[in-house]
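*Asks:* Quick one: structure below, then a few questions.
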Amino acid sequence: MKWLKYLCVSLLLLSVFAMTDGKTVFAAEDEEYTYTVRLYAGNLGVLTEEGIEIDSESASISYGKDEIVITGLKYRDTVYIRPQMAAVSTDDRYYVRGVKRSGRDNSEAEAPSFSVGSDRDFVVAYGVSGETVAYTVNYVDMDGREILESDTYRGNIGERQYVSSRYVDGYQPQALNMVKTLSANEAENVFTFQYVPVSETGAPEGGTGTPAGPEEEAPENTPAEPEEEQAQQIDDENVPLGGDVTGQIDDEDVPLGQKLVQDLDDEEVPLGTFKDEIKNTVMGYLPVYIGIGIAALAILAIAAIYLKKRRKTADVGSAGKGNGRMAGRRK
């Protein structure tokens, strides 16, 4: 009977341990991991209490002159940073150009707004004031109507300037950021963000990326794709507003139909136009010239080898005749 008592006690202890572990596991599953983003002023300026916007239901912002901390961010929440509003230079020789990643050996500014996928630390990037020019940032809907008042900033002529979109409730910009080389002509320094209404599911309304409703059925003979595969294929597909998905959620994806960075310099010089411009120039015929040069060198090399062999043959023939004459004289 003792062994039965020991068995019962052992089973009871195992049950207690199992229940305790189970509660721990369930508690861990209920706790969703959150992320933190920090912005530091650097040693050339101070931070304001402006220029930071977040698309999140759980995050909060704490402001300081040297550091801004955003806590409680969840995966795929969006952080919008307008560095030119978030910081002020304390040295007239410098101006606020953008932000850069903290701890990286990189003095260049980079895209300031992103979808969250990890903890991130940024430092305000400053530029040396030179020949400055104004640039304007517009925020409009798909019909061109203004939905936010335009912002105007200043930067150096010839520098690549990043600008951030802004958070608008119920809308999604076609790109989180834009970049363009500033021109001496202020009329060319215009960044225009277009916004599209977002449905309750979080996808742009009316776009090809809008998920099908519960009553819609997939076409016959078309197997449904797992969510992970669909996200993988977004990078190679055309998405609403002509965007592509290149992202900063751990450098993977951003919301459907949205670019991380729209490069306006690339759009100003289409590849086909560039090819047409050089087509009838010396550069356009450069491959032909290279081919002719290689062929000429090959012909010269073959001719040199042929002449060398012919000369050797002639020398051997002359030597043979000389030896024959000497032999005849000896006789």
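*Asks:* What's the extension gain from Asp92 to Lys65 if we count 0.36 nm per residue and subtract their Cα-Cα distance?
*Replies:* Separation in residues times 0.36 nm, less the Cα-Cα distance, equals 7.9 nm.
*Asks:* With +1 on each Lys and Arg Cβ and -1 on each Asp and Glu Cβ, how big is the dipole of region 33-171 about its Cα centre, in debye rounded to the nearest 20?
*Replies:* Dipole size: approximately 380 debye.
*Asks:* To continue, here is another question. Taking amide H positions as placed in the peptide plane 1.01 Å from N, state which residues far from Thr48 in sequence (5 or more) or on other chains have amide H under 5 Å from it.
*Replies:* Hits under the 5 Å cutoff: Ala87, Val88.
*Asks:* If amide hydrogens are placed 1.01 Å from N in the peptide plane, which non-local residues have theirs closer than 5 Å to the one on Met142?
*Replies:* Correct list: Tyr195.
*Asks:* Using each residue's phi in region 44-52, evaluate 6.51 cos²θ - 1.76 cosθ + 1.60 at θ = phi - 60° and report the 3J(HN,Hα) Karplus result to the nearest Hz, with x for Gly and Pro.
*Replies:* Calculated HN-Hα couplings, in order: 10, x, 10, 8, 9, 10, 10, x, 10 Hz.
*Asks:* Using a 1.4 angstrom probe on heavy atoms only, work out the carbon and sulfur share of the accessible area of region 71-181 in %.
*Replies:* Within region 71-181, the accessible surface is 41 percent carbon and sulfur.
*Asks:* Would you kindly calculate the mean projected area, averaged across all directions, of the convex hull enclosing the Cα atoms of region 43-187, in square nanometres?
*Replies:* That works out to 9.2 nm², a quarter of the Cα hull's surface.
The values are calculated or read from the model by the stated rules, or taken from the named source; none is laboratory data. Everything numeric in this text was worked out from a predicted model, so none of it was measured. Every residue, glycine as well, gets a Cβ built from its backbone with ideal geometry; the counts of neighbours run over all protein chains shown. Remember, those area values only see protein heavy atoms, side chains included, never the ligands or the DNA or RNA. Shrake-Rupley method; radii C 1.70, N 1.55, O 1.52, S 1.80 Å.
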